[in-house]
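Asks: Would you mind keeping the following structure in view while I ask a few things?
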Amino acid sequence: MSKYTTEVFDSAIDGSKFVANKIKALIEKNNAEGKKTVLGLATGSTPVKMYKELIRMHNEEGLSFANVVTFNLDEYYPMEKNSEHSYWYFMHENLFNHIDVKPENINIPLGNLPQEEVDQHCLDYEAKIDAEGGLDIQILGIGRTGHIGFNEPGSELDSVTRQVTLAQITIDDAAPGFGGVENVPAKAITMGVASVLKARCIYLMAYGENKAQIVSDTLTNDITDQVPATYLQKHSNTVFVLDTEASSLLPA
Ligand code: GLP
């Protein structure tokens, strides 16, 4: 039986504020108790408004990220950290440079390691999430293939952090930002489906009508590796945060 919930908002802004408020509440509770908060973070255009709201909360409401540890879902491979295309760069531009998170508490898979060091890096990344006590909250977007992180169709339920090959649709979607398909890396390093499902709470955000079909496929299909986001139906505490457009193909 599926235990997820859906929250539909009039706008992406309202959905983003809803998620930011959940994050804020948890950080403040943990800060008051002297505990760390462990956040799993996502890239893509979808979470940007939510990150803006967290930055506003930091600036205007004194929300401190000094006790927050972050793990990003994924990174292209090969990819240099300081490339404008890297998720490392994206996260610093859109969030980390504007809050008081400690650099040593930021974890993003490394896209610049030699191939022979990648497998060990993936094992270490997975172990580090566990060593921090696991993810309190995982933020997700969704790709047109139904991928979460870079878990493309065919990803297995028990998959963990690993190197993957990107689906052609994903490469096509990324192409404009890279100035052409030929410039998009063919591979990535991503947390696995199992890594994501271990999070105690998951918020998947999807906004706009171009997400309506995959949102419908995710929530109305049986669980299938062909739409990896359907694995979220197995999770006990996942909230799909949608705007009206993204929810438009869901059954009434
Ligand atoms: C990329 C990222 C995903 C993200 C997806 C959708 O593939 N690896 O984590 O969910 O893009 O991006 P957008 O939010 O821009 O639609």
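Since every read-out is calculated from the coordinates, none of them should be taken as a lab result. Since we're looking at a predicted model, the values are computed, not measured. Ideal geometry is used to build each Cβ from the backbone, glycine not excepted, and the neighbour counts take in all protein chains shown.
Asks: For the chain, what's the relative contact order in percent, using C-alpha pairs closer than 8 Å and at least 6 residues apart?
Replies: Relative contact order of the chain: 26 percent.
Asks: Taking the Cα centre as origin and putting +1 on Lys and Arg beta-carbons and -1 on Asp and Glu beta-carbons, what dipole magnitude results for the chain, to the nearest 20 debye? Before the final figure, lay out each step's value.
Replies: Numbers: 20 positive and 35 negative charges, 140 e Å.
Computed about the Cα centre, the dipole is about 680 debye.
Asks: Taking the DSSP beta bridges in the stretch 88-227 as the whole, what percent of them are antiparallel, to the nearest 5?
Replies: 60 percent
Asks: Same structure again: Work from the charge dipole of the chain (Cβ charges, +1 for Lys and Arg, -1 for Asp and Glu, about the Cα centre) and give the residue of Ser16, Ser195, Ser45 farthest towards its positive end.
Replies: Result: Ser16.
Asks: Placing +1 on the Cβ of each Lys and Arg and -1 on the Cβ of each Asp and Glu in the stretch 1-142, which of Asn107, His85, Leu95 has its Cα farthest towards the positive end of the resulting dipole?
Replies: In the stretch 1-142, that residue is Leu95.
Asks: With n ≥ 4 as the cut-off for DSSP H runs, can you work out [θ] at 222 nm for the chain, using -39500 (n - 2.57) per run divided by the number of residues, rounded to the nearest 500?
Replies: So the calculated ellipticity at 222 nm is -10500 deg cm²/dmol.
Asks: Based on alpha-carbon centroids, what's the gap between the stretch 225-252 and the stretch 196-221 in Å, whole number please?
Replies: 4 Å
Asks: Nearest 5 percent is fine: what portion of the DSSP beta bridges confined to the stretch 5-243 is antiparallel? If you can, show how the numbers build up before the last one.
Replies: Numbers: 9 of 31 bridges.
Around 30 percent of the beta bridges assigned by DSSP in the stretch 5-243 are antiparallel ones.
Asks: I'd like to know how the stretch 134-193 sits against the 2.2 N^0.38 Å rule of thumb: what's its Cα Rg over that expected value?
Replies: Its radius of gyration relative to the 2.2 N^0.38 Å reference: 1.17.
Asks: Could you tell me the center-to-center distance, by alpha carbons, between the stretch 1-80 and the stretch 82-103 in angstrom?
Replies: 14 Å
Asks: Tell me the GluC sites (Glu not before Pro) within the stretch 58-115 that lie in a loop according to DSSP and have at most 16 other beta-carbon atoms within 10 Å.
Replies: Answer in residue order: Glu80, Glu84.
Asks: Ok, one more. By what distance, in whole Å, do the Cα atoms of the chain stretch along each of the three principal axes, largest value first?
Replies: 50, 44, 35
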